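Here you go, one structure.
The values are calculated or read from the model by the stated rules, or taken from the named source; none is laboratory data. Source: prediction; values computed, not measured. With ideal geometry, Cβ positions are generated from the backbone for all residues, glycine too; neighbour counts draw on all protein chains shown.
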Ligand SMILES: NC(=O)c1ccc[n+]([C@@H]2O[C@H](COP(=O)([O-])OP(=O)(O)OC[C@H]3O[C@@H](n4cnc5c(N)ncnc54)[C@H](O)[C@@H]3O)[C@@H](O)[C@H]2O)c1
């Protein structure tokens with residue numbers, strides 16, 4: 001018996017990065033995966049990857065998690081195809097970094113919409129199916145949601161991800177009477193296609209900061225996915241409203257070095 005056998009898992013942002021890794025891993029654990037991404041071709045590639053491994057995946061539509069109509073279509077196509085939705089992993093997001101002194105408001109608003117509003121929209125659209133299934137919601141926060149940074153000018157991400165962490169607790173409260181669990185995973189610095197274009201780019205100061213992570217390396221998408229499988233599985237049936245930080249100790253340990 002696999003850990004997610006027969007569960008229908010809706011995952012956003014499956015064209016690459018953490019979303020793709022989660023889709024592939026959930027399928028290996030027996031889930032029926034419904035992916036979606038603005039990058040529709042990338043999401044279809046992930047679906048084919050899963051199919052080649054013998055898993056089941058569907059990408060019903062091109063998904064924009066910031067557009068209510070798009071999210072609702074995605075959810076209803078998934079429910080029509082599989083008859084239920086057990087897991088929502090609200091992963092997709094995009095960020096615009098910049099100093100609070102000069103960042104255009106549109107960059108702030110675009111980030112909050114993509115990283116926070118999107119989670120609310122997905123949770124609301126999937127809610128009737130998730131409560132009917134006594135299912136679970138996984139949100140993706142960030143260490144940016146629990147701390148400031150001297151090196152990375154990230155007010156928009158901090159605001160959005162702090163909101164995601166809080167929103168998850170409220171989803172847990174409103175879901176509990178229906179047997180619906182909601183938990184948040186906050187990754188630290190994870191090596192993905194997305195982070196390679198900004199924080200892990202060759203000339204970005206965060207790249208060297210990453211060397212000071214207590215466990216000695218940046219995270220991988222699989223590090224996040226290991227936590228996601230656990231929280232989505234029945235092994236976590238008594239866990240809701242929790243916030244699991246996956247950051248190699250980065251946010252818990254003050255800067256310094258071993259004696
Ligand atoms: N990589 C990190 O260091 C890190 C750290 C903390 C949190 N996170 C969070 O993890 C999640 C995934 O990050 P990643 O590094 O894999 O990112 P990524 O940029 O590699 O992948 C994100 C995927 O989401 C899709 N996407 C973006 N906006 C979308 C939209 N409006 N509608 C549908 N799809 C959309 C993109 O096309 C892309 O395929 C995000 O929520 C991010 O904030 C990442």
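Are any residues in region 123-159 near the ligand (Cβ under 10 Å from one of its atoms) and either at pLDDT below 95 or touching a strand residue (DSSP E or B) at 6+ places or on another chain (Cβ under 8 Å) (or both), and if so, which ones?
Residues satisfying the conditions are 139, 140, 141, 142, 143, 144, 145.
Looking at the structure I just gave you, is residue 4 over 24 Å from residue 95 (Cβ atoms), modelled with pLDDT of 95 or more and either out of contact with any strand residue (DSSP E or B) (no Cβ under 9 Å at 6 or more places or on another chain) or crowded, with 19+ Cβ neighbours inside 10 Å (or both)? Explain how you work it out, then say what you get.
On the way: over 24 Å from residue 95 (Cβ atoms): yes; modelled with pLDDT of 95 or more: yes; either out of contact with any strand residue (DSSP E or B) (no Cβ under 9 Å at 6 or more places or on another chain) or crowded, with 19+ Cβ neighbours inside 10 Å (or both): yes.
So residue 4 fits the description; yes.
Please specify each residue of region 117-158 satisfying the condition of being more than 19 Å from residue 22 (Cα to Cα) and not in a helix (DSSP H, G or I).
134, 146, 147, 148, 149, 150, 151, 152, 153, 154
Return the only residue of 179, 219 being surrounded by fewer than 18 Cβ atoms within 10 Å (Cβ to Cβ) and farther than 25 Å from residue 117 by Cβ.
On the way: 219 fails: surrounded by fewer than 18 Cβ atoms within 10 Å (Cβ to Cβ).
When all the criteria are applied, what remains is 179.
Residue check, residue 81 against (1) within 12 Å of the ligand (Cβ to nearest atom); (2) closer than 15 Å to residue 35 by Cβ, all met but one. Which one?
If we test residue 81 against (1) within 12 Å of the ligand (Cβ to nearest atom); (2) closer than 15 Å to residue 35 by Cβ, just (1) comes out false.
Considering each residue of region 135-157, count those that are closer than 24 Å to residue 110 by Cβ and within 15 Å of the chain's Cα centre (by Cα), and give that number.
Looking only at that region, the number is 10.
If a residue has to be assigned to a loop (DSSP other than H, G, I, E, B) and more than 16 Å from the ligand (Cβ to nearest atom) to count, how many in region 235-259 make the cut? If you could, list the steps in order and put the result at the bottom.
Going through region 235-259, the residues assigned to a loop (DSSP other than H, G, I, E, B) turn out to be 237-242, 247-259.
Add one more test, that the residue is more than 16 Å from the ligand (Cβ to nearest atom), and what stays is 237-242, 253-259.
Going through region 235-259 one residue at a time, the tally reaches 13.
Another one. Being crowded, with 16+ Cβ neighbours inside 10 Å and farther than 20 Å from residue 233 by Cβ is the filter here; which residues of region 50-60 pass it?
Residues satisfying the conditions are 58, 59, 60.
Filter region 9-31 for residues that are more than 16 Å from the ligand (Cβ to nearest atom) and surrounded by fewer than 24 Cβ atoms within 10 Å (Cβ to Cβ) and give the result.
28, 29, 30
State yes or no: is residue 146 touching a helix residue (DSSP H, G or I) at 6+ places or on another chain (Cβ under 9 Å) and surrounded by 22 or more Cβ atoms within 10 Å (Cβ to Cβ)? Explain how you work it out, then say what you get.
Details: touching a helix residue (DSSP H, G or I) at 6+ places or on another chain (Cβ under 9 Å): yes; surrounded by 22 or more Cβ atoms within 10 Å (Cβ to Cβ): no.
Considered against the rule, which asks whether it is touching a helix residue (DSSP H, G or I) at 6+ places or on another chain (Cβ under 9 Å) and surrounded by 22 or more Cβ atoms within 10 Å (Cβ to Cβ), residue 146 comes out as no.
Kindly establish whether residue 37 is more than 16 Å from the ligand (Cβ to nearest atom) and surrounded by 17 or more Cβ atoms within 10 Å (Cβ to Cβ).
Details: more than 16 Å from the ligand (Cβ to nearest atom): no; surrounded by 17 or more Cβ atoms within 10 Å (Cβ to Cβ): yes.
No: the conditions fail for residue 37.
So, one more: Give the residues of region 162-191 that are more than 16 Å from the ligand (Cβ to nearest atom) and free of Cβ contacts under 8 Å to residues at least 12 places away in the same chain, sorted by residue number.
170, 174, 177
Residue pairs, Cβ under 6 Å, 6 or more apart or interchain, first in region 138-154 and closer than 11 Å to residue 206 by Cβ, second at pLDDT below 95 and near the ligand (Cβ under 10 Å from one of its atoms). List them.
So the pair list comes out as 151/206; 152/206.
When you scan region 182-199, how many residues do you find that are surrounded by 22 or more Cβ atoms within 10 Å (Cβ to Cβ) and in a helix (DSSP H, G or I)?
Looking only at that region, the number is 1.
Okay, moving on. Just a yes or no: is a residue in region 215-234 in contact (Cβ under 8 Å) with a residue 12 or more places away in the chain, out of contact with any helix residue (DSSP H, G or I) (no Cβ under 7 Å at 6 or more places or on another chain), within 16 Å of the ligand (Cβ to nearest atom) and over 22 Å from residue 22 (Cα atoms)?
Yes, region 215-234 contains a residue that is in contact (Cβ under 8 Å) with a residue 12 or more places away in the chain, out of contact with any helix residue (DSSP H, G or I) (no Cβ under 7 Å at 6 or more places or on another chain), within 16 Å of the ligand (Cβ to nearest atom) and over 22 Å from residue 22 (Cα atoms).
Would you confirm, using the coordinates I've provided, whether residue 210 is closer than 19 Å to residue 122 by Cα, more than 15 Å from the chain's Cα centre (by Cα) and not in a loop (DSSP other than H, G, I, E, B)? Quick ask: steps written out before the conclusion?
Details: closer than 19 Å to residue 122 by Cα: no; more than 15 Å from the chain's Cα centre (by Cα): yes; not in a loop (DSSP other than H, G, I, E, B): yes.
No; evaluated as a whole, the condition is false for this residue.
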